[in-house]
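The next block holds one structure in the form of structure tokens; read it before the comments.
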Amino acid sequence: MEEKERPVVEMEHITKIFPGVVALDDVSFELRKGEVMALLGENGAGKSTLVKILSGVYTKDEGTIKIDGVDVGDVTPQSARKHGIAIIHQELNMCRHLSVAENIFLGRELSKHGILSSKEMEKEAERILSSLKIDISPSTIVGDLPVSKQQMVEIAKALSTNARILIMDEPTSALSDKEINELFRIIRDLKEHGHSIIYISHRLEELKHIVDRVTIMRDGHFITRADFSSLSMDQIISYMVGREIKEKFPHVETPVGETVFSVKNLNAGKMVRNVSFDVRKGEILGIAGLMGAGRTETTRAIFGVDPKEGGNIHLDGKEIVIRRPKDAIKAGVVLVPEDRKKDGLCTKLSIRENIALPNLDMLSDKASVIHSRKEHKMVGDAISSLSVKLSSAEANAASLSGGNQQKIVVGKWLARRSRVVIFDEPTRGIDVAAKVEIYNLMNRLKENGIAVVFVSSELPEILGMADRIAVMCDGEIKGFLQRGEATQEKIMALATQFEKKIVEVEL
Amino acid sequence: MNGNVKNNPLKKVLQIRGMGQVLTVTVGLIILCIVFGIINPTFFSFRNINNLLRQIAPILLIGIGQSYVLITGNIDLSIGSVVGMSTMISATLMTHGMNPWLSVIITLICCIAVGLANGLLVAGCKLPPFIATLGTMTIARGIAQIANGNYNTDSIGAAAEGFRNFFYYGRFLGIFSTVWIAIVLWVIFNFILSRTRTGRHIYAVGSNPDAAKLSGVSILGTTTKVYVVASICSCIVGLTQCASAGMGAMDAGNSYELYAVAASVIGGVSTLGGQGILLGTVIGAAIWGVLQNGLQFAGAPVAIRNIVIGVIVVLSVLLDVVVRGGKKIKIQKNK
Ligand SMILES: Nc1ncnc2c1ncn2[C@@H]1O[C@H](COP(=O)(O)OP(=O)(O)OP(=O)(O)O)[C@@H](O)[C@H]1O
Ligand SMILES: [Mg+2]
């Protein structure tokens, strides 16, 4: 057998059962030396579970794992490290209060005579970061970095262990295009050097840049394994979801009516400067821009999470004052936030409690006693309208797969009769089929005369779904584009109109 | 009703979060009772059970308060001092001839003020709860001391007979009034926690304050409410102690905040927030009371009692960790 073809990892007949769910059922998986293997499947298919078994986070119930042809029994986090396996988890796993260097060396700190060598660690971290062209100081506190930079630190951390088997579980979902390109360069480089990579992603269009082979799973089952070049994108999708998806961006035309929601001269800190826009009845306003352009900050300021310094907001022609999220919700303005782990979910509470949380005012009587039957009905409706895959609504929100958690974050706002719904990256980490469900849902809102604001970093979906696009850069709206005239190039031109030559890392 | 009441009732009960831990410690409680019953047959006499309940009641009350606070992910160290403050203020007022019920109202207001201060310091000024309530704990103890010029009070006198009966000596259906007070308050607070909006907000704040805020929950309001509940519970316990002794003692309620943590934690309330039910606190308080009472009966000295109870606290939390199947214990980092 040729050296290149030699499998470094072979997993056979892997079964894993969680209370109430068979996450993996007789799954097999193979990874060769020096290849990038994409692991694809719908939300809840079991991708994360499979790689967590390989990296020792979970133990398998049945099956065998061979590394370099040797049966290694159960993998533990320690033995994974010994075998040279490193994983970048789907959710960020970092100590927010520690510095970048401290996080990179967490658990394998350098020391001399029992005393930490902070200097050396910072220097080494600096070297790793610059070799990856990541422009962050190693002494920055991780919690102060934007999510995309945190993700890059996570990647740097995994690479710094010199692993020969690298697992990336949706590494790009929080990255900007520039950082993604950087990551791809790193991946190709690693491949050259004989490292093997397992790559999980729902952004199918990026696969062509790096992937050699694909493994497709559905509902905990192994479906197929093939060379990437031998499959068309439509074939991959139909293997993943078990049916064909006709339209990836089901845009509908609705007559545009009067202005529903308007923001005038909104100011809030450095990242939101003089932002003004209107959303009219029957349209979806897309907000495009690069990471760090101030889009999320704008939505947070509107919703009253962060304080405003000036500007006014009108809803249906009347001025409304939003000081706290509660005011916004009362007025009928809701926000589906970007960072699900931090802002979207109470992971220790059940799925039911999470969906009900913002809607308790509708579910309880005057004495604020919660009406349990109403609650169950609302939760049931929300779950079925987004086809969330779960064992029971009473399970902890933490037990859901990443994409299904995102569906809960979206779903909890839909039971309300709102006037304005602001989506901040609603399809992040969601599979193709579920994306279409969310798009359809936005269409339904729009057809019901609700103003929809749709923030996204993925140009294809903004171009595909929005009726009008506002492009932000440096905390300002640089221009609006109509659906017909917008192209990727025009958006990028507006999105890169920086005033200052040097883009500071925002703190 | 239509026929789609899901599952059978037993399954439904088991589904309630935290029920698993409650059931395991209930088994522990039953075993303890049996052991003490064998060692000393009078353990199960009506008289002893009645006394036992009266011992459990104050622990349950402060346990309710502490559980509320713990579920929001905070802690209240001022509980014991507020008990002392309540005893001293009410007793002082009564020895000065004030109408007992008016004294009760004034005492309640003073104690609630401490709860409000705790809530504002923790959620308004964002002080770490440990520090903020350490401060109010010291202040409240100080107030207890100056209430009567650094002396315990004299007897609250015959005029307070009604007060003493209401809070301690009276009986209804043969059971002491303290026990009834604890039962009534438990029912009310359990209802609030499990069935109302406020209750749901308490869990949400404890589980993820950021997400709760973005869902329209007021962090300041919710946090203040739980501290006020804790102060009300402590106030009531202080009043029962005043009624029981017929006077005010400055060191009343010493270390009660920790007993309250113990009762909560034995009953499965997580100190990391977001988890626990008040049924557990009942069992936790009962285990506490049964151990005190049973060991006393068995002739064990106080020192031994302390050691046993300390061991039980650690064991019950350990048990919970083991039962939940190797879930790693995480140390919460407060932002
Ligand atoms: N700790 C857990 N406890 C209970 N169930 C779990 C747990 N982890 C995962 N599951 C379940 O196992 C199934 C597979 O989940 P997994 O996270 O592997 O999906 P995934 O393919 O990574 O999905 P996504 O694309 O959404 O990230 C899901 O149904 C999920 O609810
Ligand atoms: Mg996953």
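The values are calculated or read from the model by the stated rules, or taken from the named source; none is laboratory data. Here the structure is a predicted model, which means the values were calculated and not measured. No Cβ is skipped: glycine too gets one built from the backbone with ideal geometry, and neighbour counts run over all protein chains shown.
Quick rundown of the values:
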| quantity | calculated |
| --- | --- |
| Candidate set from segment A:419-445 (those that are surrounded by fewer than 21 Cβ atoms within 10 Å (Cβ to Cβ) and over 20 Å from the mean Cα position of the chain (by Cα)); member that is farthest from A:Leu386 (Cα to Cα) | A:Arg419 |
| Test: residue in segment A:185-202 that is touching a helix residue (DSSP H, G or I) at 6+ places or on another chain (Cβ under 7 Å), away from ligand 2 (no atom under 16 Å from the Cβ) and either closer than 20 Å to A:Ala80 by Cβ or not assigned by TED's automatic domain parsing to the domain that holds A:Ala38 (or both) | yes |
| Selection count, segment A:397-425, where residues are within 14 Å of another protein chain (Cβ to nearest Cβ) and within 16 Å of ligand 2 (Cβ to nearest atom) | 7 |
| Looking only at segment A:51-85, and only at residues there that are out of contact with any strand residue (DSSP E or B) (no Cβ under 6 Å at 6 or more places or on another chain) and within 16 Å of ligand 2 (Cβ to nearest atom), the one that is farthest from the other protein chains (Cβ to nearest Cβ) | A:Leu54 |
| Residues of segment A:310-338 satisfying the condition of being touching a Lys or Arg at 6+ places or on another chain (Cβ under 7 Å) and farther than 17 Å from A:Ser276 by Cα | A:Pro325, A:Gly332, A:Val334 |
| Strands (runs of 3 or more DSSP E) wholly inside segment A:16-74 that include at least 1 residues being within 11 Å of ligand 1 (Cβ to nearest atom) | A:21-32, A:36-40 |
| So A:Gly194, is it at positive phi, in contact (Cβ under 8 Å) with a residue 60 or more places away in the chain and not polar (S, T, N, Q) | yes |
| Cβ pairs under 8 Å, 6+ apart, first in segment A:164-176 and more than 14 Å from chain B (Cβ to nearest Cβ) and touching a residue at least 60 places away in the same chain (Cβ under 8 Å), second among the basic types (Lys, Arg) and within 16 Å of ligand 1 (Cβ to nearest atom) | A:Asp169/A:Lys47; A:Ser173/A:Arg203; A:Ser173/A:Arg428; A:Ala174/A:Arg428 |
| Residues (within 15 Å of the chain's Cα centre (by Cα) and under 15 Å from A:Lys326 (Cβ atoms)) located in segment B:173-224 | none |
| Number of the condition not met by A:Gly332 [criteria: (1) at negative phi; (2) within 13 Å of chain B (Cβ to nearest Cβ)] | (1) |
| Selection within segment A:173-200 - in contact with a strand residue (DSSP E or B) (Cβ under 7 Å, 6 or more places away or on another chain) and within 16 Å of ligand 1 (Cβ to nearest atom) | A:Ile198, A:Tyr199, A:Ile200 |
| Top-ranked residue of segment A:177-203 - restricted to ones that are part of a helix (DSSP H, G or I) and within 14 Å of A:Gly34 (Cβ to Cβ), ranked as farthest from the chain's Cα centre (by Cα) | A:Glu192 |
| Condition met for A:Lys374 (part of a helix (DSSP H, G or I) and within 16 Å of ligand 2 (Cβ to nearest atom)) | no |
| Members of segment B:129-170 that are surrounded by 21 or more Cβ atoms within 10 Å (Cβ to Cβ) and either among the acidic types (Asp, Glu) or part of a loop (DSSP other than H, G, I, E, B) (or both) | B:Thr153, B:Ile156 |
| Residue satisfying all of: in segment A:426-451; within 15 Å of ligand 1 (Cβ to nearest atom) and assigned to a loop (DSSP other than H, G, I, E, B); nearest to the other protein chains (Cβ to nearest Cβ) among these | A:Pro426 |
| Looking only at segment A:143-172, and only at residues there that are among the small types (Gly, Ala, Ser) and over 23 Å from A:Ala80 (Cα atoms), the one that is nearest to ligand 1 (Cβ to nearest atom) | A:Ser148 |
| Some residue of segment A:100-112 being closer than 28 Å to A:Ile198 by Cβ, modelled with pLDDT of 85 or more and either in the same structural domain as A:Lys342 (by TED's automatic domain parsing) or in contact with a Leu (Cβ under 7 Å, 6 or more places away or on another chain) (or both) | no |
| Count - residues of segment A:86-105 that are more than 16 Å from ligand 2 (Cβ to nearest atom), more than 14 Å from chain B (Cβ to nearest Cβ) and assigned to a loop (DSSP other than H, G, I, E, B) | 1 |
| Residue check for A:Ile141: away from ligand 2 (no atom under 16 Å from the Cβ), of a type in the set (A, V, I, L, M) and within 14 Å of chain B (Cβ to nearest Cβ) | yes |
| Extreme residue, nearest to ligand 1 (Cβ to nearest atom), among residues of segment A:347-381 that are over 18 Å from B:Arg197 (Cβ atoms) and either more than 22 Å from the chain's Cα centre (by Cα) or modelled with pLDDT of 90 or more (or both) | A:Ile351 |
